[in-house]
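Each remark here refers to the structure printed beneath this line.
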Amino acid sequence: MVLQHNITSLLVAFTIGMLMPCTMGSSSSQGTEAVNDFSGLHWGYAMRDTDELPPALWGKLYPACAGKRQSPIAINSREPRQLDLLLRPLELLFYDQMPIAGNWTLIDNGHSVQISGQFGKRPPSLRIRRGNLRTTYVLTQLHFHWGRSDAMGSEHVIDGKRYPIEVHFVHRKETITDDEASKDPMGLAVVAVIFEKSSAGSREMPNPQMEALANAVRLIKTLNVPVTVRTPELRLSKLIPDDPAYFQYLGSLTTPPCAESVVWNVMKTPLKVTEQQLKAFRALVSRDSSTDREVADNYRPLQSLSGRAIHYHPKAFGSHDRRHNPMEALSNAVRQTKSPNFPVTIKIPNLCLSDLLADAPTYFRYLRLLTTPPCAESLVWSVRMKSVKVTEHQLYSKRQEKVEWKVRA
Ligand SMILES: *[C@@H]1O[C@H](CO)[C@@H](O)[C@H](O)[C@H]1NC(C)=O
């Protein structure tokens with residue numbers, strides 16, 4: 001029961017803001033018993049000799065951590081068999097809003113730096129929806145994972161590359177509690193953004209949002225003591241890349257209790273981070289017993305995909321709007337054709353034929369005939385393996401038009 005209680009407490013602490021001290025799990029009154037009694041240990045990332053439970057053993061205290069839909073994972077955008085392209089764009093709502101009085105709250109909880117804000121009821125708080133999510137999710141907090149050196153830090157690995165820092169925007173289903181969310185297979189939706197380091201001597205202006213955050217992180221002096229900073233220039237929308245390409249898969253929290261309740265949305269395009277900004281994060285410490293330990297290298301090792309599908313929204317349609325789906329533009333045009341053999345000229349500025357070719361270049365090749373008379377045997381067919389999405393509505397309008405033509409003929 002003691003163990004059960006600790007798991008629940010840690011879970012709540014994680015999902016509602018990690019405000020609890022991190023030593024919660026470590027007060028076992030049973031003392032040392034057997035060699036494989038892990039109940040007195042608190043989890044951590046260290047591989048070397050510490051009194052922390054390393055990632056490979058998290059499952060001993062938190063059974064879900066040994067599950068089959070764990071995070072993070074490696075994503076290979078050039079492996080079409082892993083990817084399903086039928087993913088709609090993600091929609092961010094109110095991401096330009098400031099919290100009340102521009103106040104953000106930051107806390108070093110020993111495992112990460114976590115940021116949250118109080119948003120008024122009107123306008124409502126930050127949300128995400130669409131992107132194959134069945135409902136709206138509301139932002140609860142964001143936090144970072146980073147490394148001591150540039151070659152490590154991000155949790156997700158994209159096309160074989162690990163980045164120096166990754167941010168997680170954690171959202172919960174709008175209509176349920178944190179506790180319910182941890183038991184719902186799609187209770188949470190996390191948007192992950194990776195950052196790559198600006199090259200030394202780069203003339204680019206540092207990302208002003210990361211600059212504001214790094215300055216705020218430098219104000220954190222004490223573990224588990226929240227600091228409130230007025231950062232009116234911080235807009236979370238600017239911490240999400242303009243390119244809406246992203247990967248979606250079903251996974252878990254990347255920290256104990258590793259609840260398998262997360263729809264992951266990993267943005268494909270990295271944003272930029274500077275050496276100085278990274279230093280602000282790398283300076284954060286976590287005090288356990290009497291020693292100061294850096295929080296850095298707080299990323300979990302890669303987990304096995306175990307047959308899960310990764311959905312991919314491959315490219316910008318120019319906006320997050322459904323109307324920019326190429327089949328939508330085409331079906332609207334088809335509706336305007338009225339008579340057979342009577343061409344209509346229609347302006348469709350948002351139609352790019354390349355959008356009609358699924359992004360994965362895989363195709364079958366064969367030599368055959370035209371599919372209509374005279375069926376000339378003069379064709380090289382290239383059949384794309386991946387399909388493009390079409391809605392019921394788009395199909396319906398075409399069928400109706402065809403029926404009308406037949407009646408008139
Ligand atoms: C904003 O934070 C300041 C301290 O930095 C505090 O005095 C003030 O009350 C906060 N305002 C709101 C509306 O929370």
> Can you list the HN-Hα couplings for region 204-211, worked out from phi with the Karplus curve (6.51, -1.76, 1.60; θ = phi - 60°), rounded to whole Hz and with x for Gly and Pro?
Replying inline: 4, 5, x, 4, x, 5, 5, 5
>> Under 5 Å between amide hydrogens, which residues at least 5 positions from I75 or on another chain qualify, with H placed 1.01 Å from N in the peptide plane?
In response: V157, I158, D159, G160
> If we count other beta carbons within 10 Å of each Cβ, what is the order of C375, C352, C258, fewest first?
Replying inline: C375, C352, C258
>> Quick query: amide H of H42 versus all other amide H atoms, modeled in the peptide plane; which residues come in under 5 Å with a sequence gap of 5 or more or a different chain?
In response: L53
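May I ask you to sort R282, R365, R127, R203 by Cβ crowding, counting other Cβ atoms within 10 Å and putting the fewest first? Can you show the working numbers first?
Details: R282 20, R365 8, R127 17, R203 5.
Neighbour counts put them in this order, fewest first: R203, R365, R127, R282.
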> Could you put T274, T228, T371, T362 in order, starting from the residue whose Cβ has the fewest other Cβ atoms within 10 Å?
Replying inline: T371, T362, T228, T274
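Coordinate-derived values only; no laboratory data. Predicted, not measured: the structure shown is a model, and the values here were computed from it. FYI the Cβ positions are ideal-geometry reconstructions off the backbone, even for glycines, and counts take in every protein chain you see.
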